[in-house]
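These notes are about the structure you will find just below.
The values are calculated or read from the model by the stated rules, or taken from the named source; none is laboratory data. If you're wondering where the values come from, they're calculated on a predicted model, not measured in any experiment. No Cβ is skipped: glycine too gets one built from the backbone with ideal geometry, and neighbour counts run over all protein chains shown. Surface accessibility is based on the protein's heavy atoms, side chains included, excluding ligands, DNA and RNA. Shrake-Rupley method; radii C 1.70, N 1.55, O 1.52, S 1.80 Å.
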Amino acid sequence: MDKFVIEGGHPLSGTVEISGSKNAALPLMAAALMAARPCVVRNVPSLSDVRTMTGVLRELGMDADYDPASRTFTASVRDTSRCTAPYSLVKKMRASISVLGPLVAARGYAKVSYPGGCAIGTRPIDLHLKGLSALGVRFKIEHGYIIARAERLKGAEIYLGGHYGSSVLATANVMCAAALAEGETVISHAAAEPEIVDLAGFLNAMGASVEGAGSTRVVVRGVSSLSGADYSVIPDRIEAATFLIAAAMTRSPLTVKGAVYAHLNAVIDKLQEVGVGILRTDAGLEVVPSERMRPVEITTLPYPGFPTDVQAQMMALLALVRGTSFVTERIFPDRFMHVAELNRLGADIRRAGPTAVINGVSRLSGAHVMASDLRASAALVLAGLVAEGTTEVLRIYHIDRGYERIEEKLNLLGARIKRLPAEGVY
Ligand code: EPZ
């Protein structure tokens, strides 16, 4: 297992190019299971999650390949008799659940390991099962596997709102299955994330009829088969937000290139409220840093609200903003593993139920910290950029799941990060 050794205190400058979206690419790759012809998905970021999903699809009888040089994923169905997504792969990535809808829709049978929890919460799948059952899928849960069977799927009216609002991957699963169901499906309280819009674009490129993606009401008119498609995924809005926050924290006038402004409204609004300027230019999003930043209150919500995947990174920024800020996590109430690690760096954050109370401090000091999940790792790297002295972030395999070469991108901007093998077991 590797670690990052970060020398704090170096300002950043220049332009960073945003990679393709991990959370758009993964469900799109899974949707290729339904294609009667080969699929090509471009701008797919070179991440361990992409390699894991490619492995899952190979297990499911796909000729699936990912080329990191061209960031291109290609897949075609070879053997439809292989319908089991094994625990050994699913345990590495919860997003493997996004093969469930496409697989049972395309083959009438799917056996997918029941996804476990992770550092950010228990991660239930009741909405996935509710939505697919409404289309005619019958489920059995046994020996840690979801076993799904269906003859002909039939369109239905489905309400997909849950205790925490909409569900991104449940919406993706139901949208995919509905694309091959008989008749019309109306999904209300659908997730409206840009990644869902991208999946709908891919399905329609394959010959599906999906309308309303990006709103909370999606209408899918089923077709008898789906062809292949050649499609390019959107830029990663979470990576873009992470670099905007890196610029704010290091007070660096960075340019973030390739981000879609409209995908970042909530994040940009909050950064502006803190006092950071974000200019839209032909070169991209230019950050105008501020010496005097203001404390704010943030609540994470489904899109277009403030994204839960940017909560930890924003907390790292607010740890250095004089005054008291409040961050309330409404999507994954336990998503605060980064609080204890930020406090090890000298932050003053305490948890009050689903809210973190952040008393800004004047400086952070370098320490050994432990990454726990993808976005918490990013927050610790950002904190290390400004902490005095050296910060060692352990277990950075978490960060490699969702950020493409983050240390190389940051070093090109002036950071001093080394990726080293970590000694011993920890
Ligand atoms: C997607 O996960 C993203 N992952 C997550 O990003 C992101 O945090 C999340 O959406 C919310 O935006 C991918 O797209 C691969 P949800 P997903 O279903 O779809 C509850 C990252 O860092 N829920 O939208 O699994 C759930 O517990 C990752 O890139 C149910 O109650 O999340 C949560 O509280 C982390 N029942 C809320 O809904 C269900 O059946 C939203 O979860 C499903 C979810």
Number of positions in region 1-19 that are of a type in the set (S, T, N, Q) and part of a strand (DSSP E or B): 1
Would you point out which residue out of Ser96, Ser88, Ser113 is over 14 Å from Ala172 (Cβ atoms), surrounded by 16 or more Cβ atoms within 10 Å (Cβ to Cβ) and either more than 8 Å from the ligand (Cβ to nearest atom) or over 21 Å from the mean Cα position of the chain (by Cα) (or both)? Ser113
If you go through region 351-362 one residue at a time, do you hit one that is crowded, with 19+ Cβ neighbours inside 10 Å, within 26 Å of the chain's Cα centre (by Cα) and either closer than 20 Å to Leu301 by Cα or without any contact (Cβ under 8 Å) to a residue 60 or more places away in the chain (or both)? yes
Name the residue that is farthest from Ser19 (Cα to Cα), counting only residues in region 34-62 that are over 19 Å from the mean Cα position of the chain (by Cα) and free of Cβ contacts under 8 Å to residues at least 24 places away in the same chain. Gly61
From (1) away from the ligand (no atom under 16 Å from the Cβ); (2) under 17 Å from the mean Cα position of the chain (by Cα), pick out the condition that doesn't hold for Val5. (2)
Collect the residues in region 126-180 that are more than 9 Å from the ligand (Cβ to nearest atom), in a helix (DSSP H, G or I) and of a type outside the set (S, T, N, Q), keeping them in residue-number order. Leu132, Ala134, Val174, Met175, Cys176, Ala177, Ala178, Ala179
Scope region 398-425; condition in contact with a strand residue (DSSP E or B) (Cβ under 8 Å, 6 or more places away or on another chain) and surrounded by fewer than 14 Cβ atoms within 10 Å (Cβ to Cβ); matching residues: Leu420, Pro421
Which is within 18 Å of Tyr145 (Cβ to Cβ) and out of contact with any Cys (no Cβ under 7 Å at 6 or more places or on another chain), of Arg82, Arg58, Arg37? Arg82
Only unsatisfied item for Phe332, checking (1) under 30 Å from Val40 (Cα atoms); (2) open to solvent by 10 Å² or more (accessible area, probe 1.4 Å); (3) within 12 Å of the ligand (Cβ to nearest atom), is (1)
